[in-house]
Amino acid sequence: MALVFGAGLATSVRAELEEQLAMQLSNPVAALVSVPFQFNHDGDIGSARGGSRTLLNIQPVVPFSLNADWNVISRTIVPVLRQDEVFPGAGRQSGFGDIVQSVFFSPKAPTAGGLIWGVGPVFLLPTASDDLLGTGKWGGGPTGVVIRQQGPWTVGALANHIWSFAGASDRADVNATFLQPFVTYTTRTATTFSLNVESTYDWERGQWSVPVNGGVSQVLRLGGQLVQVGAVARYWAAGPDSGPHGWGLRLNVTLLFPR
């Protein structure tokens, strides 16, 4: 009987931990070390709808304790791309894109009203291995996030704006706003249902890109490693003729390293 009770208690504790991790993953400024691998595929790219792009975003998230009241959260996006005929005659390119580095300063405790927030700088680094895979520009600007978690729900928004300030003189300037409102619902079994919009407004061209993403993910153990796996369907509600159209796909695998 004691063995059965102990096994049941261990299972309950593990389930509670996985639920808590799923909730933390819905919070962009949670004090959780994680390494997401985000696989994206989009087709019907360009005015002729003949292009396609496969993108792997490697996105390590590393929090640091600044003092008793504040955390600093580093969020890095390292893109690895392969694209074909994104405009007629473009051919195929593969390699690294531009790295985007965000740093959030976030209070360790929510506000009296239950809000969780973080602000800081974002940087654009011209690390692309091919001119058609990046901007050729150094850039920077502000970023911020605000969320509220109540019960199984997480509702919030993340935003940034990047201006270019240096780089190749023959490349277009970068002046873009990114807006990502999101809502998630996490069950007691650590399953998370999510809906978000990852809209970008290009102020240089006066164009919106608006993919709408809906997906489901699950925290589980693979061997001794905690991971979250998920799948997302994406629909491009708006975008320039040069961008993707119609439906796309995203698959996520996130390695978790709780302290």
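The values are calculated or read from the model by the stated rules, or taken from the named source; none is laboratory data. Small disclaimer: the values here were computed from a predicted structure and weren't measured. Here the Cβ is made from the backbone with ideal geometry for all residues, glycine too, and neighbour counts use every protein chain on show. For accessibility, only protein heavy atoms count, side chains too; no ligands or nucleic acids. Shrake-Rupley method; radii C 1.70, N 1.55, O 1.52, S 1.80 Å.
Here is how the numbers come out for the structure above:
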| read-out | value |
| --- | --- |
| Cβ pairs under 7 Å, 6+ apart, first in the range 110-121 and within 10 Å of GLN149 (Cβ to Cβ), second open to solvent by less than 60 Å² (accessible area, probe 1.4 Å) and not in a strand (DSSP E or B) | ILE116/ASN27; ILE116/VAL29 |
| Members of the range 112-130 found to be surrounded by fewer than 19 Cβ atoms within 10 Å (Cβ to Cβ), modelled with pLDDT of 95 or more and not aliphatic (A, V, I, L, M), listed by number | TRP117, PRO121, PHE123, THR127, SER129, ASP130 |
| Positions within the range 99-111 being of a type outside the set (A, V, I, L, M) and either farther than 26 Å from ALA31 by Cα or open to solvent by 20 Å² or more (accessible area, probe 1.4 Å) (or both), in sequence order | GLN101, PHE105, PRO107, LYS108, PRO110, THR111 |
| Near pairs, Cβ below 6 angstrom, 6+ apart or cross-chain, from the range 26-41 (touching a residue at least 24 places away in the same chain (Cβ under 8 Å)) to any residue that is of a type in the set (Phe, Trp, Tyr) and crowded, with 16+ Cβ neighbours inside 10 Å | VAL29/PHE104 |
| Only one of VAL232, VAL197 that is farther than 19 Å from GLN149 by Cβ and surrounded by 17 or more Cβ atoms within 10 Å (Cβ to Cβ) | VAL232 |
| Among the residues listed as SER26, SER94, the single one being within 25 Å of ARG234 (Cα to Cα), at pLDDT 95 or above, of a type in the set (Gly, Ala, Ser) and open to solvent by 40 Å² or more (accessible area, probe 1.4 Å) | SER94 |
| PRO244, sole failed condition from (1) part of a strand (DSSP E or B); (2) buried (at least 16 other Cβ atoms within 10 Å of the Cβ) | (1) |
| Qualifying residues in the range 40-80 (those that are over 23 Å from PRO28 (Cα atoms) and among the charged types (D, E, K, R)) - the one surrounded by the most Cβ atoms within 10 Å (Cβ to Cβ) | ASP42 |
| Candidates SER242, SER199, filtered to the one that is at pLDDT below 95, over 26 Å from GLU18 (Cβ atoms) and not charged (D, E, K, R) | SER242 |
| Top-ranked residue of the range 162-189 - restricted to ones that are in a loop (DSSP other than H, G, I, E, B), closer than 17 Å to GLY140 by Cα and open to solvent by less than 50 Å² (accessible area, probe 1.4 Å), ranked as modelled with the lowest pLDDT | ALA168 |
| In the range 190-213, the residues that are assigned to a loop (DSSP other than H, G, I, E, B) and in contact with a Lys or Arg (Cβ under 9 Å, 6 or more places away or on another chain) | GLU198 |
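Here's the yes/no breakdown for (1) within 30 Å of GLY151 (Cβ to Cβ); (2) touching a Phe, Trp or Tyr at 6+ places or on another chain (Cβ under 9 Å); (3) free of Cβ contacts under 8 Å to residues at least 40 places away in the same chain:
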site	(1), (2), (3)
ASP44	no, yes, no
SER52	no, no, yes
VAL62	yes, no, yes
LEU66	yes, yes, yes
ARG82	no, no, yes
ILE99	no, yes, yes
